[in-house]
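Let me begin by presenting the structure, written as structure tokens, before commenting on it.
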Amino acid sequence: MDIHEYQAKEIFAAYGIPVGESILCYTVEEIVEAYHTLNTDKAVIKAQVHTGGRGKAGGIKLIKSEGELKKEAKKIFGMDIKGFTVEKSILTEAIEIDREYYLSFTVDRSTKSVIIIMSSEGGVDIEQVAKDNPDKIHRIPIDPFVGIPDFMARKFALKLLDNETKHMNGVAKIIKSLYQLFVDKDASLAEINPLVITASGELLALDAKMSFDRNGLLRHEELLSYYEPTEEEKIEDLAKEKGFSYVHLDGDIGCMVNGAGLAMTTMDMIKLYGGKPANFLDIGGSSNPQKIVDAMTLLLQHPNVKSVLINIFGGITRCDDVAKGLITAFEEIDTELPVVVRLTGTNDTIAREMLENTRFEQAEEMTDAVKLAVKYQ
Ligand code: GDP
Ligand code: MN
């Protein structure tokens, strides 16, 4: 779950990180009104969308007059930034920047820990820096039992500042606060890019980005109001409601499988034969037609699905029951998509006979089933 910059800044501010003031606006009129409350002519309009790289996409505009403000605001509202439509923006006083730094905390799989990432070369080109000058980016794992004591925060600050001591204590404080809020809120990312030193020598988080694991949300009622589900998250929520284990992926073969282990194997096999799974879906051990209708409805909401692979291992759940369930369910499901079925285990011969000459394509072996499904990409 991603939140907007202005929301992340609310959290930062509550932890004492300097963020400056932002005024949230939904229309050009509101932006103009907000502009009149500022003490300066120079302001910045910032599109609020759940993606980074807004500056390069034209969603961040520095303006110097009311005329310019109106012109740019009109362009920004409704603009498409990487598939997200701009519905709200913030207006901030323009800051004169002396230096831009990068600071973030995230969860690192390789070290199985939270890591701090820092660079003295922050700003919109951070990805380029990571590519061309990886030495300029410091990544250090944090021991959860030690956290970040003061001495360590100062050491980190010096790394971030390239050994410039002037702002060491200020940066150390920001590092500690950002780590604290990252841990407190069960975040998966807390990022300041850029963290700036202003022309008047002050530290400021000019941008703020946070992401959360939605599984942690039940511990954080205070974050619920920030939740604006994406299409993908809406499908995942529906799956949860129906009691399925579901993970949305970006391929085009919809998978309906019983058992998490078999689901993982099915996805691996699809990859092996050159396909891409659209999802992980474990329907559990039931042949209930309603469950199949629900599962198919879910799969069909995925915009890219070109074929469906149903891979069921019959144990206590008998394959003939599953076949019956499939036939009943597909009387109700309205789709032309090819559906490949592989049933194996208890009563599989009876089940296969039942599905002969129906809308389903069948295979006995997993390999053959996967090849059939991959053929439709
Ligand atoms: P992002 O592109 O989505 O990461 O959005 P940011 O909030 O990081 O803004 C992109 C860039 O715009 C920053 O790296 C700054 O260089 C610039 N920028 C943003 N706000 C200001 C400001 O108040 N003054 C100046 N001079 N530049 C700004
Ligand atoms: Mn940024």
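The values are calculated or read from the model by the stated rules, or taken from the named source; none is laboratory data. Given the structure is predicted, the values throughout are model-derived calculations rather than measurements. Positions of Cβ are generated from backbone atoms using ideal geometry, with glycine treated the same way; all protein chains shown enter the neighbour counts.
Brief remarks follow.
- Looking only at the range 336-374, and only at residues there that are out of contact with any strand residue (DSSP E or B) (no Cβ under 8 Å at 6 or more places or on another chain) and assigned to a loop (DSSP other than H, G, I, E, B), the one that is surrounded by the most Cβ atoms within 10 Å (Cβ to Cβ): 358
- Any hit, the range 58-78, residues being within 24 Å of residue 181 (Cα to Cα) and touching a helix residue (DSSP H, G or I) at 6+ places or on another chain (Cβ under 8 Å): no
- Residues located in the range 206-221, provided they are assigned to a strand (DSSP E or B) and more than 10 Å from ligand 2 (Cβ to nearest atom): 210, 211, 212
- Taking first residues from the range 179-207 that are free of Cβ contacts under 8 Å to residues at least 24 places away in the same chain and closer than 11 Å to residue 99 by Cβ and partners that are within 13 Å of ligand 1 (Cβ to nearest atom) and of a type in the set (A, V, I, L, M, F, W, C), no Cβ contact under 8 Å between residues at least 6 apart in sequence or on separate chains turns up.
- Residues of the range 199-213 that are within 15 Å of the chain's Cα centre (by Cα) and at pLDDT 95 or above: 209, 210, 211, 212.
- Residues located in the range 34-80, provided they are closer than 15 Å to residue 91 by Cβ and aliphatic (A, V, I, L, M): 34, 38, 43, 44, 45, 47, 60, 62, 63, 69, 73, 76
- Some residue of the range 20-37 being touching a residue at least 12 places away in the same chain (Cβ under 8 Å), closer than 29 Å to residue 181 by Cβ, of a type in the set (Phe, Trp, Tyr) and within 16 Å of ligand 2 (Cβ to nearest atom): no
- Residue in the range 128-135 that is more than 27 Å from residue 60 (Cβ to Cβ) and either away from ligand 2 (no atom under 16 Å from the Cβ) or assigned to a helix (DSSP H, G or I) (or both) present: yes
- For the range 175-193, filtered to residues that are within 16 Å of ligand 1 (Cβ to nearest atom), under 16 Å from residue 108 (Cα atoms) and among the hydrophobic types (A, V, I, L, M, F, W, C), the residue that is surrounded by the most Cβ atoms within 10 Å (Cβ to Cβ) is 190.
- Listed by first and then second residue, the pairs linking a residue in the range 357-371 that is more than 15 Å from residue 253 (Cβ to Cβ) to a residue that is surrounded by fewer than 14 Cβ atoms within 10 Å (Cβ to Cβ), with Cβ atoms under 8 Å apart and 6 or more places separating them unless they lie on different chains, are 362/356.
- Residue selected from the range 123-148 under the condition of a type in the set (A, V, I, L, M) and touching a residue at least 40 places away in the same chain (Cβ under 8 Å), by the criterion surrounded by the fewest Cβ atoms within 10 Å (Cβ to Cβ): 124
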